[in-house]
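Report on the structure given below.
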Amino acid sequence: EQLVESGGDSVQAGGSLRLSCAASGFTLTLNTMSWYRQAPGKQRELVARITSGGITNLADSVKGRFTISRDNAKNTVYLQMNSLKPEDTAIYYCNAKWTVGEDTWGQGTQVTVSS
């Protein structure tokens, strides 16, 4: 199983980006899918989560700005990020949770927001 993130870029504050996480080797229909991020010198933190049933949870720091969605037909999860702030700068990782066994992680995609 593999997850491949894309869409990271350098943008100015107030800009938008859409991250994509494409799954291969498995279908993510039954997985809870999440986006995490890790800024330099900080611990990895949960940004957004979406269950197989479409229930979403967002970190307080991104509520009202970020949206997580999934397209099961494309086997892809998205993170739409609007009104970006410099503190959103981090490597963003996609995560697939399994009922048994370890989670599957992507390699990460860099998001840099300049003021």
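Based on this model, can you work out whether Ser10 counts as hydroxyl-bearing (Ser, Thr, Tyr) and in contact (Cβ under 8 Å) with a residue 60 or more places away in the chain? Yes.
Residues satisfying the criterion are absent from segment 92-100 (criterion: open to solvent by 20 Å² or more (accessible area, probe 1.4 Å), assigned to a loop (DSSP other than H, G, I, E, B) and on the phi > 0 side of the Ramachandran plot). Annotation note: of Asn31, Asn82, Asn57, Asn75, the sole residue that is at pLDDT 95 or above, surrounded by 15 or more Cβ atoms within 10 Å (Cβ to Cβ) and not hydroxyl-bearing (Ser, Thr, Tyr) is Asn75.
Can you name every residue in segment 36-54 that is open to solvent by 60 Å² or more (accessible area, probe 1.4 Å) and either at pLDDT 95 or above or within 27 Å of Gln12 (Cα to Cα) (or both)? Result: Gln38, Pro40, Gly41, Lys42, Gln43, Arg44, Glu45, Leu46, Arg49. Here Val62 clears all of (1) touching a residue at least 60 places away in the same chain (Cβ under 8 Å); (2) more than 25 Å from Gly25 (Cβ to Cβ); (3) surrounded by 12 or more Cβ atoms within 10 Å (Cβ to Cβ) except the condition numbered (1).
The values are calculated or read from the model by the stated rules, or taken from the named source; none is laboratory data. For clarity, every value in this text was computed on a predicted model and none was experimentally measured. Note that each Cβ is placed from the backbone with ideal geometry, even for glycine, and that neighbours are counted across all protein chains shown. Heavy atoms of the whole protein, side chains included, go into the accessibility calculation; ligands, DNA and RNA do not. Shrake-Rupley method; radii C 1.70, N 1.55, O 1.52, S 1.80 Å.
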